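Note sheet for the following structure.
None of the figures in this text is laboratory data; all of them are computed from the coordinates on show. The model shown is predicted, which means the values in this text are computed figures rather than measured ones. For neighbour counting, all protein chains shown are included, and Cβ atoms are generated from backbone atoms with ideal geometry for every residue, glycine included.
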Amino acid sequence: MKLGEPTLDQLRIFLAVEEAGSFGGAARRMGRAVSAISYGIAQLEAQLGLTLFEREGSRKPVLSDAGRGLLAEARAVTDRADMLLAKTRSLHAGIESDVSLVVDVMVPGDVTASVLGAFRERYPTVSLRLQVEGLGAVAACLIERSSIVGVGGPVIADHPELERQDIGAIDLVPVAAPDHPLAKGTNRPGAGRDHLQLVLADRSQLTRGREFSVMSARTWRLGDLAAKHALLKEGLGWGNMPRPMILADLASGALVELDLPEKPGVSYRLSALWRRDTRPGPATSWLIDALRERLAECPR
């Protein structure tokens, strides 16, 4: 038996009848005559060579076994078509089809998560890809075009290929476990140099050879901020951490803010970054504004 090719309209009629529970309900929902709905179902059944609704012995159409078997596929086809149409409307409105974002590891995860959740609700047709990098690697992603917009720190924000817009700051504070020698009270100048410092490594070649807030000659360099956090809590060294990420540790005593005369903690300024030969579209601009607003709520 040669099968026909159902139309999108026929599939929509099929779903409308199943959801409304009657041909009349589907007709009202779609703004059509009952005869048009009945004809659409008859045509679809003819195309597929199957009976989709059992009509005998019931005042309402009831899905047949074949109808139940095809229901999910019919819904998937119409959903994809709806997504295509929605994305087309967005493109006509000038909204980007996709956004690739790279975020500095210093940005609190709950900030990123809440903003991206709101972004998905506001721009459901825009595909979003996220990368999390540290220090100069944020700028590298933009320069190499693997991302179109970034949130990065002051390390490389002045690169000539990049535009930047200040969107806030995160305080970095020197901390250690409570039993660490530097956690016992006020320290003499240079005391931090006598102990192992845990340092976030920069995987980018853009800042090769540069040091950022490094005091000690003895360092462990970590590419993962979560690993640095864990090692600090184990008492294996001291180092700077973003304050919002360690508030619970400071409150519980799992970590102690260090009193160092050099005050190695800094206000880590964050900027939205993009290449100068590009321009943020509506969705990207909304993302930048939302990140600025959310960062302003972070405890300093």
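Please give the net charge around ALA254, taking every other residue with its beta carbon less than 13 angstrom from that of ALA254, where Lys and Arg add +1 and Asp and Glu add -1.
-3
Can you give the local net charge around LEU182? Use residues other than it whose beta-carbon is closer than 14 angstrom to its beta-carbon, Lys and Arg +1, Asp and Glu -1.
The answer is 0.
How tilted is helix 65-92 with respect to the longest principal axis of the chain? Cα atoms for both, answer in degrees (0 to 90, nearest 10).
60
Counting other C-beta atoms within 10 Å, which of LEU260, LEU84, LEU200 has the fewest, and how do the rest follow?
Ordered by Cβ neighbours within 10 Å, fewest first: LEU84, LEU260, LEU200.
Between SER252 and ALA33, what length comes free when the chain is fully extended (0.36 nm per residue of separation minus the Cα-Cα distance, one decimal in nm)?
Taking 0.36 nm per residue and subtracting the Cα distance, the gain is 72.0 nm.
Report, to the nearest 10°, how far helix 8-20 tilts away from the longest principal axis of the Cα atoms in the chain, using its own Cα long axis and a range of 0 to 90°.
The helix 8-20 is inclined about 90 degrees to the chain.
Provide, as a two-decimal number, the C-alpha radius of gyration of the chain over 2.2 N^0.38 Å, N being how many residues it has.
For the chain, the normalised Cα radius of gyration comes out at 1.51.
By how many nm would the segment from SER267 to LEU128 grow when fully extended, if each residue of separation counts as 0.36 nm and the alpha-carbon distance is taken off?
Here the segment from SER267 to LEU128 would lengthen by 47.1 nm.
Hey, fewest Cβ within 10 Å first, where do ILE167, ILE246, ILE37 land in order?
By the 10 Å Cβ count, ascending: ILE246, ILE167, ILE37.
So how far apart, in nm, are the two label points at HIS195 and LYS2 if each is 7 Å from Cα heading toward Cβ?
Going from the HIS195 label point to the LYS2 one covers 8.3 nm.
Would any residue of the stretch 236-267 have its amide N under 14 Å from a label point 7 Å out along Cα→Cβ of ARG188? List them or say none.
So the set is 261.
Label points 7 Å out from Cα along the Cβ direction at ALA118 and GLU161: separation in nm?
That separation, rounded to one decimal, is 3.2 nm.
Report the local net charge at SER216: Lys and Arg +1, Asp and Glu -1, summed over other residues whose C-beta lies under 9 Å from its C-beta.
+1
Could you please state, rounded to a whole Å, how far the C-alpha centre of the stretch 106-121 is from the C-alpha centre of the stretch 59-79?
Between the Cα centre of the stretch 106-121 and that of the stretch 59-79, the gap is 38 Å.
Please give the helix 243-252 orientation as an angle from the longest Cα principal axis of the chain, in degrees from 0 to 90, rounded to the nearest 10.
Once rounded, the angle reads 70 degrees.
Would you mind ranking LYS263, LYS184 by Cβ crowding within 10 Å, fewest neighbours first?
LYS263, LYS184
Which FRET efficiency value, to the nearest 0.05, do you get for ARG221 and ASP259 by plugging their Cβ-Cβ distance into 1/(1 + (r/R0)^6) with R0 = 25 Å?
The value I calculate is 0.50.
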